[in-house]
Amino acid sequence: MNMGTRFIATREAPVHERVKQAIVAATELDTRLVMRPLRNTERVLNNDAVERLLEKERALGKELRFEHILEEVAGVYPKIMLDGDMDAGVWSCGMVAGLIHDIPSCKELIDRIMAEAESLIRERLQGMLASSFVSL
Ligand SMILES: Cc1cc2nc3c(=O)[nH]c(=O)nc-3n(C[C@H](O)[C@H](O)[C@H](O)COP(=O)(O)O)c2cc1C
C-alpha cells in the first residue's frame, strides 16, 4: 500500500491545521499537474502559487527553466506545512483528497482500512477463493 496524502490529514501529522483543513475541503478536481515541461511532473493542490507557476509555464514555453520557478517550488514546504502559509508555494497532494472528509488518528485510520479490507475479502473475494479451491 502506497498512501501519502491521507496520512497528512491525521491528528498526529506534524503539519499546520490549515494544511489538514485544505485536504478535507478539496475535491478530486482541485489538484493540478505542474513542472511537466521540465519532465519533473508533480501533482499539487491548487492555490495562488500554482496559478502563478502555470502562467509562467504557458508564457515561457520551451524557454522555461527551474530558475524561473524557484519562488514557487524551492524551500516552500516549511512555510506551508509548519507556518500554514497556504499560498507560499506548491505542495504535493493526491486526487484522493476528494475522498478525504475527516481527520482521524492514525490508529482510527488504520483500523478503518483493515476493517474495509476484511469486509472486501469476505464479501467480494470469497467467491473467487471458493472456486479456486474447488479447481485445485
Ligand atoms: C507532501 C507530499 C510530498 C511528496 N513528495 C514526493 C516526492 O518528493 N517525490 C515523489 O516521487 N513523490 C512525492 N509525493 C507523492 C507520493 O509518492 C504519493 O503521495 C504516493 O504515491 C501516494 O499517493 P497519495 O498521496 O495519493 O496517497 C509526495 C506526496 C505528498 C503528499
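Each value in this text was obtained by applying a stated rule to the coordinates, not by laboratory testing. As the structure is a computational prediction, the values presented were derived from the model and not from experiment. FYI the Cβ positions are ideal-geometry reconstructions off the backbone, even for glycines, and counts take in every protein chain you see.
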So if we plug the beta-carbon distance of LEU70 and ASP102 into 1/(1 + (r/R0)^6) with R0 = 35 Å, what FRET efficiency do we get, rounded to 0.05? 0.50
Could you give the angle, 0 to 90 degrees to the nearest 10, between helix 48-60's Cα long axis and the longest principal axis of the Cα atoms of the chain? 60
With +1 on each Lys and Arg Cβ and -1 on each Asp and Glu Cβ, and nothing else charged, work out how big the dipole of segment 5-103 is about its Cα centre, in Debye to the nearest 20. 340
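First measure r as the distance between the Cβ atoms of ARG36 and MET3, then evaluate 1/(1 + (r/R0)^6) with R0 = 25 Å and state the FRET efficiency to the nearest 0.05.
Values: r = 24 Å, r/R0 = 0.96.
Efficiency computed from Cβ-Cβ geometry: 0.55.
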In this model, which of LYS79/LYS107; LYS56/LYS79; LYS20/LYS79 are farther than 25 Å apart at the alpha-carbon? LYS79/LYS107
